[in-house]
1. Sort out for me the helices (runs of 4 or more DSSP H) sitting completely within region B:41-156 that have 3 or more residues that are under 22 Å from residue A:150 (Cβ atoms).
2. Scan B:98, B:62 and give me the residue that is within 14 Å of chain A (Cβ to nearest Cβ), among the β-branched types (Val, Ile, Thr) and either surrounded by fewer than 17 Cβ atoms within 10 Å (Cβ to Cβ) or within 25 Å of residue A:152 (Cβ to Cβ) (or both).
3. Go through region A:98-141 and count every residue that is within 30 Å of residue A:257 (Cβ to Cβ) and not aromatic (Phe, Trp, Tyr).
4. Inside region B:118-156, can you point out the residues that are away from chain A (no Cβ under 14 Å), crowded, with 18+ Cβ neighbours inside 10 Å and among the polar types (S, T, N, Q)?
5. Would you point out which residue out of B:79, B:70 is surrounded by 20 or more Cβ atoms within 10 Å (Cβ to Cβ), touching a residue at least 12 places away in the same chain (Cβ under 8 Å), more than 12 Å from chain A (Cβ to nearest Cβ) and in contact with a Ser or Thr (Cβ under 8 Å, 6 or more places away or on another chain)?
6. Do you know which of the residues in region A:145-188 that are buried (at least 16 other Cβ atoms within 10 Å of the Cβ) and of a type in the set (Val, Ile, Thr) is nearest to the chain's Cα centre (by Cα)?
7. Filter region A:189-217 for residues that are in a strand (DSSP E or B) and within 17 Å of the chain's Cα centre (by Cα); which is nearest to residue A:248 (Cα to Cα)?
8. Just one of (1) in contact with a strand residue (DSSP E or B) (Cβ under 7 Å, 6 or more places away or on another chain); (2) away from chain B (no Cβ under 14 Å) trips up residue A:124, so point out which.
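The values are calculated or read from the model by the stated rules, or taken from the named source; none is laboratory data. The structure presented is a predicted model; accordingly, all values stated were derived computationally and were not measured. In this analysis, Cβ positions are derived from the backbone assuming ideal geometry, glycine residues included, and neighbour counts consider all displayed protein chains.
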Amino acid sequence: MKNNKKIIRNTVSVLSMIIIAAIFVGCFIITEQLRTKEPPKQQISSYTPPINAEIPDLFNGDEDTPVEELPVIVVPPGEGTEDDPTENVEELLPREKYGLPYPQKDRPEDIQAMTVQHTSKSGYEYFDNSVFLGDSVTLGLKNYTTKKRQTDSYFLGNAKFIAVGSYSVADTLVPVTSANSIHSLYNGVVTQPQDIIADMGVKRVFICLGLNDVGIYTQNEYLTNYSILINRIRQAVPDIQIAILSVTPLTVEGERKILYNAKIDEYNNALVAFAQENGCYFIDISTVLKDELGYLTDELSSDNYCHLEPEAYDAWIDYMMHHCIPTPEEEAALKEANGGAIHIDKGVPEVEGFEGSAGLP
Amino acid sequence: MKKILCTVLALTALLCCFSSCDGNDGPKEVNVNDVYNEVAAAITVPDFIELTETDIVDYVAVNTADLKQIKVQISAEAISADQIVICEAVDAAAADRVEAAFTAYLNSVKNSFKNYLPSEFAKMEDIEVQKSGNYVYYAVTSEIDTVNDIFDKYFK
């Protein structure tokens, strides 16, 4: 009996020791897991595009009506949608499938005459103190320039970039606090382009925006938005030179039901007239990107849609270096010779639905 | 026997206590190029451009004085979100700043892809900037599991 009690007592003691040791081991395991705890998830602002929002008619009487936030309707590229032509590419081209008109290879002469004409070739210093503002196509130019500058530090001068994939003219107008904002980061802060341009201290801006507008907005809406963007840039930097670059083309298989080359051509033609009306230059870079039928040359496209190979950027830059806008001094002389305008007036063709705005003050 | 068992258990408990109290100073010295080279050998690397300390400031609001080592590769294609970022900051405070800078950059890229290219956004939706000691790193790739295994080997 006495021995049994002793055995039981010893067993209980041993079991207690084991339990205590197990508790310590368990604490150790929990501590290790806590040490590798995942950080809290970062909050990303949600994006809710407005549906069927009406575009305000700015020219309905009061032209001084300030424009508040314009609704932004984003239509993503046709990935897996019924508009995606790639499912039927082996059967019909998009032009055939949707009955799209043929694009133009060359702009009408009277419109072409209003674009920046051929000049002698400049050096990279031409791009000093300038900024390119655009979408993913311009982002590709930025990345290409970054790579080139690793072996040629003065490639494209000291040109800067404000480029956001999917950026549209409409997007540039959205307030930074909006859930729809996709503005670029500048010094780590989401900033509207005109404020970035002002802080950069550049003298010249090359704008290449439209691929993400043409499929969504009418010509009038697109040009209205463009007018607002230009006015905001000029308010931020009054003496800045503004050059508008043509909206770049699509490959023959990259056309969509709502976004196709003939439509881009129409918008570009209207944009040329808009540029002249608004004291801007128009540099027709699409000229060197098109094949003989007016499509983005297949060899120049990186995705058989709208994005460009490095060779396309070489052609783009070379075109710009052969189609230079005047220096501020030359521009001043031009204005004096042409009664305040920077273009020789060859007449502005009528553009349906676009009422334009005053030229240079 | 009982005394021996008690002694062993007490030592075990003591060992666990000291192990739990040991602070995490982060990984030992890591060469970020070694990490990247191992990643590049393990996955299909797209057309990347490498951002040097000179280039990085055009993309990310990071103070280069905070950086001791940097290996940043982003896709040359504007429509691809692929990127590999491995940095060592000069100290813990700098690591916090570098982490914040890349977090803002990553969120900005996510925002631009979210409604534009859903397939690219899906690749990066759950990706977050990681920090271990003075090392800040993350990757956006369709082979994220492979890359994370390599990151864990060096940084965890």
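1. On the way: elements: B:53-56, B:92-114, B:118-124, B:144-155.
Per the criteria, B:53-56, B:92-114.
2. On inspection, the qualifying residue turns out to be B:62.
3. Going through region A:98-141 one residue at a time, the tally reaches 21.
4. B:134, B:141
5. From the options B:79, B:70, the qualifying one is B:70.
6. Of everything passing the filter in region A:145-188, A:164 is nearest to the chain's Cα centre (by Cα).
7. Only one residue fits best here, namely A:208.
8. Just one mismatch for residue A:124, condition (1).
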